[in-house]
Amino acid sequence: MKQTVLSLLSAAMTIFSSASCQKNEPIIAKTNTYVLVHGAWQAPYVWNAVRTNLESKGNKVIVVELPGHGTDQTPTYQLSLDVYRDKVVDAISKIDGKVILVGHSMGGMVITSVAEKIPDRISKLVYIGAFLPANGQALTELAFSDPDSKLGPLLIESADKLTLDVKADSLTYLFINDGNTATKQQVIDNYRAEPAIPFTNKVALTNENFGAVSKVYIKTLQDVVISPGLQDRMIAAAGINTVYTVNTSHSPFLSQPGEVSDLLLKIGL
């Protein structure tokens, strides 16, 4: 009997000691896989600083190059919103577990389409100054509903109507007005005309798929491409309750990458 009591006391002390050690151990932040999707007239380079910040905290980061952007030479007439969607779906298919899927500007249309296709692979959708459509909407419909946007009058349509250019002297004003000289030059150096067809493609969304995915919106308060007013209307229409703000122009990951990284880390907790 005495030995049994001693054994029980010894076991209790072991458990207490173990619990005490665990209590004093540093808390390790949760790590995630982030999939980052750029917007129109941009390319993967825009995520470089954010990617570095997220990876420094132990996260895995996949940056998708949309067809017809960056170094990709897919013919413009072959491009569509579905082609963009499938490129992101393919990237996610190579990853184990769920991802946090982040889209900027036109990339919001893309991640919306991806969520409808593979909702079970996405833990959260994050829109950063992005288009957020409802069922049956195209980017053009949302853009034309934004009287405060400065983008429309500064666009130049190609003769074949397959691409849209931004007037050269307005490029940095629209996309990175609050950036430093080097960042503005980076946007100019990496500029390509934007494929036009995906802008007109409508999304087909269901409550069972897209509607079931958790969503977060990061508003860009100085945005003259997608105005804060339109952002508010899209957020309300989608019923998003988790909203953050950054006091930046249209490209916060270039002008304030640390702030964007911190928000993505917070969203991932």
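Each reported figure results from applying straightforward, stated rules to the coordinates on display, with no laboratory input. Source: prediction; values computed, not measured. FYI the Cβ positions are ideal-geometry reconstructions off the backbone, even for glycines, and counts take in every protein chain you see.
Observations, loosely collected:
- Placed amide H near I62: partners under 5 Å, 5+ positions off or other chain: Y34, V35, L36
- Electrostatic tally near L230: other residues with Cβ closer than 14 Å to its Cβ, Lys and Arg +1, Asp and Glu -1, net -2.
- In this label model, R192 and L155 are separated by 1.9 nm, measuring between points 7 Å along each Cα→Cβ vector.
- Straightening the chain between A237 and L269 buys 9.0 nm, computed as 0.36 nm per residue apart minus the Cα-Cα spacing.
- Listed values for region 60-74 are Karplus-derived 3J(HN,Hα) couplings in whole Hz (6.51 cos²θ - 1.76 cosθ + 1.60, θ = phi - 60°), namely 9, 10, 10, 9, 8, 9, 5, x, x, 10, x, 9, 6, 10, 4, and x replaces Gly and Pro.
- Enclosed volume per residue, in Å³, of the convex hull spanned by Cα atoms of region 204-269: 101 Å³
- Fraction of antiparallel bridges per DSSP, the chain only, in percent to nearest 5: 15 percent
- Using the Cα coordinates of region 28-267, the gyration tensor eigenvalues translate into equivalent-ellipsoid semi-axes of 24, 21, 18 Å, sorted from longest to shortest.
- The overall shape of region 72-145 is oblate: from the C-alpha gyration tensor, with semi-axes ordered a ≥ b ≥ c, the ratio a/c is 1.5 or greater and a/b is no larger than b/c.
- Extension reserve of the Y77-V89 stretch, reckoned as 0.36 nm per residue once the Cα distance is removed: 2.2 nm
- Environment charge at L81 (Cβ cut-off 14 Å; Lys +1, Arg +1, Asp -1, Glu -1): -1
- Local electrostatic count, S251, Cβ distance below 12 Å [Lys/Arg +1, Asp/Glu -1]: -1
- Built amide H within the under 5 Å cut-off of V224, gap 5+: H250
- For I218, the residues 5 or more places off, or on other chains, whose built amide H falls under 5 Å of its own are Y127, I128, G129, Y244.
- Region 72-193, relative contact order [Cα under 8 Å, separation at least 6], %: 18 percent
- If the chain linking N207 and D165 were pulled fully straight, counting 0.36 nm for each residue of separation and taking away their Cα-Cα distance, it would gain 11.6 nm.
- As a length-normalised measure over Cα pairs under 8 Å and 6 or more apart, the relative contact order of the chain settles at 21 percent.
- Two-decimal Rg to Rh for region 153-269 - Kirkwood Rh, Cα set: 1.01
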